[in-house]
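Engineer: One structure is given below, represented as structure tokens, and several questions about it will come after.
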Amino acid sequence: YDATGAFLYKTGHPDDLKKVEHQRPGTSHAELSGGTSIVSLVLEERKSSEIYGPEHWVKAVHHRHGTGVPLFLDGKMQGILCCSQDISDYSSLTLAMVEMTAHMIVDQFNLKSSMKEKEILLKLVDEGLLYVDVSGKIHYGNAQFMEILKLDSLKDVYLPASLMEKLAPQGIFK
């Protein structure tokens, strides 16, 4: 779900997906559109929540349990991760699993954002910089590095073994 409660995507076992066919991309699950649901609770409370059977406004899902966790990036709620299941399948660990998954999703977004910031900074540096692993494989070179060595690509580019032998004792690869 996005930050307004609009449904985006679902995945799961085909038998479970048949039970929630009413959820279609773009439909709103906010309180004013669909009554009380796990999505409307998370939107209202802005924290992890659970909803059981008849607590749902929609009678057709009174047999379901819902768990929802907000996805915050830079202090702003960007979306909601939800897990819906039959009440008979409910586990007290569901909330913890959904929270952990949400945390991993947010970490991935933050990592990608951080990497973009670092790439921008590396482009601003006047010197040639590179990232090399212990085998000597060059994984990254900024524009200046690529220009100095007149390289178009780093595919299969390694530092010479003689240079690696000199660098290794200095503890660079720890």
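Engineer: Heavy atoms of the protein only, probe of 1.4 Å, neighbouring chains included. What is the accessible area of D2 in Å², nearest 10?
Structural biologist: Roll a 1.4 Å probe over it and D2 shows about 50 Å².
Engineer: Hey, got a sec? Which trypsin sites (Lys or Arg not before Pro) in the stretch 32-111 land in a DSSP loop and have at most 16 other Cβ atoms within 10 Å?
Structural biologist: Passing sites in the stretch 32-111 are R46, K47.
Engineer: Moving on to the next point. Using only helices, what value at 222 nm comes out for the chain when you add -39,500 (n - 2.57) per DSSP H run of length 4 or more and divide by the total residues, to the nearest 500 deg cm²/dmol?
Structural biologist: Helix contribution divided over all residues of the chain: -10500 deg cm²/dmol.
Engineer: Next question, about the same structure. Calculate what fraction, in whole %, of the accessible area of the stretch 59-134 sits on carbon and sulfur atoms when a 1.4 Å probe is rolled over the protein chains.
Structural biologist: Working: 3190 of 5110 Å².
Carbon plus sulfur share of accessible area: 62 percent.
Engineer: Angle, helix 94-124 long axis vs. longest principal axis of the chain, Cα atoms, 0 to 90°, nearest 10?
Structural biologist: Between helix and principal axis, roughly 30 degrees.
Engineer: Report the net charge of residues surrounding I105, where surrounding means a beta-carbon distance below 13 angstrom and charges are Lys +1, Arg +1, Asp -1, Glu -1. Intermediate values should be presented prior to the final figure.
Structural biologist: Numbers: positive: K112; negative: E99, D107.
Taking every other residue near I105 into account, the sum is -1.
Engineer: Something else: What accessible area per residue comes out for the chain, rounded to a whole number of Å², with a 1.4 Å probe?
Structural biologist: Per-residue accessible area for the chain comes out at 68 Å².
Engineer: Let me ask something else. Using amide H atoms built 1.01 Å from N in the peptide plane, name the residues 5+ places from Q23, or on other chains, whose amide H lies under 5 Å from its own.
Structural biologist: Placed amide hydrogens put nothing under 5 Å from Q23.
The values are calculated or read from the model by the stated rules, or taken from the named source; none is laboratory data. These figures come from a predicted structure and were not determined experimentally. Cβ atoms come from the backbone with ideal geometry, glycine included; neighbour counts cover every protein chain shown. Side chains included, ligands, DNA and RNA excluded: accessible areas come from the protein's heavy atoms. Shrake-Rupley method; radii C 1.70, N 1.55, O 1.52, S 1.80 Å.
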